[in-house]
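Peer 1: Just passing along the structure, written as structure tokens.
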Amino acid sequence: MKIIAYRNKRDIDIQFEDGVIVEHRKYSDFKAGAIKNLMFPSVCGVGYLGGNKYKVSINRKPTMEYDKWYRMLRSCYSDKEKQRFPTYEKCTVCDEWLNFQNFAEWIQGNYYEIPGEIMCLDKDILFKGNKIYSPSKCCIVPDNINILFTKSDSARGEFPIGVSWHRSHGSFIAQMNRDGKLIHLGEYNNPIDAFNKYKIEKENEIKRQANKYKEFLPSNIYEALMKYKVDIND
């Protein structure tokens, strides 16, 4: 960076190599290298802070907005995270949300709380199969609803979602998670029958959770949950 205007030692303007200008800073901060380029993609190589209105941390603790933003970027752009969770392999973040200030502003306008619940950013409910985190396609939901749409493609292998092969029994098993517990739904002679059972139970479980939180959920989220259909290619 370089000084482009010097009014006095407490009031200078500087310019970074990419052309970004920061005004009215102290010369001592310039000498110490303490002036940050808020437009530089410093998070996962793509995300930038964009300004100072919404804070990264308060009393050295990450803000709720920054924590969700950082986790979103890490899921999409960290090779290590994508190895752990392959379902994020083709996920991206829209250009608008690469700017933390824009993301934080959206969170402020859409965030709500449910007593005793952890609230999560979800990209799958409003638009099934969505791979882009963006303002129009994401929503805030409690963790108990968010985990309903978590997939383990590597765990189930070649079979439809909710179906696995029980080698010792020589049958296909249908199972699903309900309230943190793995529920056995039956054994079948073929994977299609096992999936059809899973589909019925899973859709019922999504509706059950939607009605459980109905008084808190925004109407568009509730309606999307009630209409959600499980597909064999999920």
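The values are calculated or read from the model by the stated rules, or taken from the named source; none is laboratory data. Everything numeric in this text was worked out from a predicted model, so none of it was measured. Backbone-built Cβ (ideal geometry, glycine too); neighbour counts: all protein chains shown. Surface areas here come from the heavy atoms of the whole protein model, side chains and all, with no ligands, DNA or RNA. Shrake-Rupley method; radii C 1.70, N 1.55, O 1.52, S 1.80 Å.
Peer 1: Restricting to Cα pairs below 8 Å that are 6+ residues apart, what does the relative contact order work out to for the chain? Please round to a whole percent.
Peer 2: The normalised contact order for the chain reaches 11 percent.
Peer 1: Enter the accessible area of Val93 (Å², nearest 10), with the probe set to 1.4 Å and all protein chains included.
Peer 2: 10
Peer 1: Now a separate question. With a sphere of radius 10 Å drawn around the Cβ of Tyr111, what net charge do the other residues whose Cβ falls strictly inside it have (Lys, Arg +1; Asp, Glu -1)?
Peer 2: It works out to a net charge of -1.
Peer 1: May I ask you to give the solvent-accessible area per residue for the range 24-80, in square angstrom, as obtained with a 1.4 angstrom probe?
Peer 2: 67
Peer 1: Sort the following peptides by mean Cβ neighbour count (other Cβ atoms within 10 Å, averaged over residues), highest first: 50-63, 205-218, 27-40.
Peer 2: 205-218, 27-40, 50-63
Peer 1: Cross-link list Lys151/Lys181; Lys151/Lys214; Lys53/Lys131; Lys128/Lys214; Lys137/Lys212; Lys90/Lys202: which exceed 27 angstrom alpha carbon to alpha carbon?
Peer 2: Lys53/Lys131
Peer 1: How many angstrom separate the Cα center of the range 212-234 from the Cα center of the range 72-135?
Peer 2: The range 212-234 and the range 72-135 have Cα centres separated by 18 Å.
Peer 1: Now for a separate question. Report the full-extension gain for the segment Lys55 to Ile132: residue separation times 0.36 nm, less the Cα-Cα distance, to one decimal in nm.
Peer 2: 25.3 nm
Peer 1: Between Lys9 and Asn204, what is the label-point separation in nm under the 7 Å Cα-to-beta-carbon projection?
Peer 2: It works out to 7.7 nm between the two label points.
Peer 1: Report the one residue of Trp165, Phe195, Leu38 whose Cα lies farthest in the direction of the positive end of the charge dipole of the chain (charges on C-beta: Lys and Arg +1, Asp and Glu -1; origin at the Cα centre).
Peer 2: Leu38
Peer 1: With label points built 7 Å along Cα→Cβ from the Cα atoms of Phe216 and Glu158, find their separation and express it in nm.
Peer 2: If labels sit at Phe216 and Glu158, their model points lie 4.3 nm apart.
Peer 1: Starting from 0.36 nm per residue, how many nanometres of slack lie between Ser168 and Arg74 once their C-alpha separation is accounted for?
Peer 2: Gain on stretching Ser168 to Arg74: 29.9 nm.
Peer 1: Given R₀ = 45 Å, what would the calculated FRET efficiency be for Lys26 paired with Met64, taking r from the Cβ atoms and rounding to 0.05?
Peer 2: Efficiency, from the Cβ-Cβ distance: 0.90.
Peer 1: Among [x] 129; [y] 152; [z] 116, only one was calculated for this model; which label is it, if the read-out is volume of the Cα convex hull per residue in Å³?
Peer 2: [y]
Peer 1: Tell me, what is the per residue accessible area of the range 104-234 in Å², probe radius 1.4 Å?
Peer 2: Heavy-atom SASA per residue in the range 104-234 reads 55 Å².
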